[in-house]
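Reviewing the structure listed below.
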Amino acid sequence: MDLFDDSKVQWTRYLGDERFDYPIDYSGAVLSCREGGHIDLLYRWAPNAYCHFHRHVAETTSTVLSGELHVIDFVPGEAGAKRVRKAGDYAHKEPGDIHMEHGGPSGALVLFNLYAPDGHLAELLGPNLEVMRSTRIVDLVPV
């Protein structure tokens with residue numbers, strides 16, 4: 001599969017609504033799902049647009065393929081550290097990572113490889129860390 005050829009990827013687009021005070025515009029695509037809780041996802045961010053504030057509950061490995069991914073880490077009681085991940089940047093995080101991401105001036109394209117033996121991937125969070133929605137493998141890949 002050519003990850004850079006949009007015509008070959010089936011995207012699901014996510015937009016914000018009046019509940020969010022930041023611009024949300026990103027898309028995701030399932031590339032592969034294997035037994036044992038392994039799932040490969042491709043996400044792209046519109047220029048300067050965010051994804052939802054979230055916590056990863058799966059082990060997550062990511063590689064920035066193009067553009068810039070701006071990440072704001074969240075640690076309760078501390079100011080969030082911000083980092084810019086550029087094309088070629090590879091990262092691995094254990095479950096529990098809370099953060100906000102947005103595309104840079106040209107957006108971002110990122111490959112995610114998740115390991116979720118219990119099927120749980122992420123939790124979308126409200127401003128007080130309340131769980132607004134949980135995302136599981138079966139939500140992305142119906143059985």
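The values are calculated or read from the model by the stated rules, or taken from the named source; none is laboratory data. All figures in this text were calculated on a predicted structure; none of them were measured in a lab. For neighbour counting, all protein chains shown are included, and Cβ atoms are generated from backbone atoms with ideal geometry for every residue, glycine included.
Would you please name the residue that is modelled with the lowest pLDDT, looking only at residues in region 75-125 that are surrounded by 14 or more Cβ atoms within 10 Å (Cβ to Cβ) and of a type in the set (Val, Ile, Thr)?
Ile98
Which pairs turn up if I take residues in region 21-34 that are of a type outside the set (S, T, N, Q) and look for partners that are outside any strand (DSSP E or B) and surrounded by 15 or more Cβ atoms within 10 Å (Cβ to Cβ) with beta carbon separation below 6 Å, at least 6 apart in sequence or on another chain?
Filtered contacts from region 21-34: Pro23/Ala49; Ile24/Gly16; Asp25/Ala46; Asp25/Ala49; Tyr26/Cys51; Ala29/Val9; Val30/Leu140.
So, restricting to strands (runs of 3 or more DSSP E) that lie completely within region 25-101, which ones have at least 1 residues that are farther than 27 Å from Ser7 by Cβ?
Ranges flagged: 54-56, 59-73, 82-86, 90-93.
Only one of (1) closer than 19 Å to His52 by Cβ; (2) assigned to a loop (DSSP other than H, G, I, E, B) fails for Met132. Which number is that?
Only one criterion is unmet by Met132, namely (2).
Cβ-Cβ below 6 Å, separation at least six or inter-chain, first residue in region 51-77 and more than 22 Å from Leu129 (Cα to Cα), second among the polar types (S, T, N, Q) and surrounded by fewer than 18 Cβ atoms within 10 Å (Cβ to Cβ): which pairs?
Close Cβ pairs satisfying both conditions: Thr61/Asn113; Gly67/Ser106.
Checking the structure you have, find out if any residue of region 101-111 is of a type in the set (Val, Ile, Thr) and more than 11 Å from the chain's Cα centre (by Cα).
There is no residue in region 101-111 that is of a type in the set (Val, Ile, Thr) and more than 11 Å from the chain's Cα centre (by Cα).
So which of Leu114, Leu121 ends up being touching a residue at least 24 places away in the same chain (Cβ under 8 Å), touching a helix residue (DSSP H, G or I) at 6+ places or on another chain (Cβ under 7 Å) and closer than 22 Å to Val9 by Cα?
Testing whether each residue is touching a residue at least 24 places away in the same chain (Cβ under 8 Å), touching a helix residue (DSSP H, G or I) at 6+ places or on another chain (Cβ under 7 Å) and closer than 22 Å to Val9 by Cα leaves just Leu121.
Tell me which residues, restricted to region 1-22, are of a type in the set (A, V, I, L, M, F, W, C) and part of a strand (DSSP E or B). Break it down stepwise before answering.
At the first step, the residues of region 1-22 found to be of a type in the set (A, V, I, L, M, F, W, C) are 1, 3-4, 9, 11, 15, 20.
Scanning region 1-22 gives a single hit, Leu15.
Being touching a residue at least 24 places away in the same chain (Cβ under 8 Å) and out of contact with any Cys (no Cβ under 9 Å at 6 or more places or on another chain) is the filter here, so list the residues in region 86-102 that pass it.
Hits for region 86-102 are Gly88, Asp89, Tyr90, Ala91, His92, Lys93, Glu94, Pro95, Gly96, Asp97, Ile98, His99.
For region 1-27: of the residues being small (Gly, Ala, Ser) and at pLDDT below 95, which is nearest to His120 (Cα to Cα)?
This residue is Gly16.
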